[in-house]
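A.B. asks: The structure under discussion is supplied below as structure tokens; questions concerning it will follow.
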């Protein structure tokens, strides 16, 4: 998607923000709206890749922060789950090991807080609206995935 000029705005959305200012000024709702816009822009590309894999007939797991429940429910013909993060501390530790955005520990903490206290709740609400199960416990999530793959 980096090479697609029509997606450049959304590929670089967060990187083009002043991260410190963003976290100080954005509300949960505004941040979620930004994620929706980004996800909506990415969805046709993601969906095409998912279709290509589905056409092989092999089971697969699709994972991505931009696979929002309203998009999955609109186009996918199979069920799924949403993993919401087990704790703020675990989310922060993950961000430190593999930063999505934050380049400093302070900003990684802000991103973890926004994910755990805002994004995960928005995912939960939207997932429930569209009939998807949500999990904070990775073991229970794995059990559910295995059930879905066994169908």
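A.B. asks: Assuming R0 = 35 Å, what is the FRET efficiency of residue 26 and residue 56, from their Cβ-Cβ distance, to the nearest 0.05?
C.D. replies: 0.30
A.B. asks: Also, quick follow-up: Using the count of nearby Cβ atoms within 10 Å as a rough guide to exposure, how do 134, 6, 91, 77 rank from fewest to most?
C.D. replies: With the sparsest Cβ surroundings first, the list reads 77, 6, 134, 91.
A.B. asks: Right, something else. Using alpha-carbon positions, what is the distance between the centroids of segment 70-113 and segment 8-43, in Å?
C.D. replies: If we compute the Cα centre of each part, the gap is 14 Å.
A.B. asks: Based on Cα positions only, what radius of gyration and what Dmax would you give for the chain, in angstroms?
C.D. replies: That works out to 16.0, 47 Å for Rg and Dmax.
A.B. asks: Can you tell me the length gained on complete extension of the stretch residue 137 to residue 104, counting 0.36 nm per residue apart and subtracting the Cα distance?
C.D. replies: Full extension of this stretch gives 9.1 nm more.
A.B. asks: Between residue 121 and residue 49, what's the calculated FRET efficiency when r is the beta-carbon distance and R0 is 35 Å? Round to 0.05.
C.D. replies: Efficiency computed from Cβ-Cβ geometry: 0.80.
A.B. asks: Just to be sure I understand the model, the point goes 7 Å from the Cα along the line to the Cβ. What's the resulting residue 97 to residue 15 distance in nm?
C.D. replies: 2.4
A.B. asks: Per the helix-only calculation at 222 nm, which mean residue ellipticity applies to the chain, given -39500 (n - 2.57) for every DSSP H run of n ≥ 4 and division by its residues, nearest 500 deg cm²/dmol?
C.D. replies: The helix contribution divided over the chain gives -17500 deg cm²/dmol.
A.B. asks: Taking 8 Å as the Cα distance limit and 6 or more residues as the minimum spacing, I'd like the relative contact order of the chain as a percentage.
C.D. replies: 27
No lab work stands behind these numbers, since they all come straight from the coordinates. The structure displayed is predicted, hence computed values, not measured ones. Heads up, the Cβs are rebuilt from the backbone with ideal geometry, glycines too, and the neighbour counts pull from every protein chain shown.
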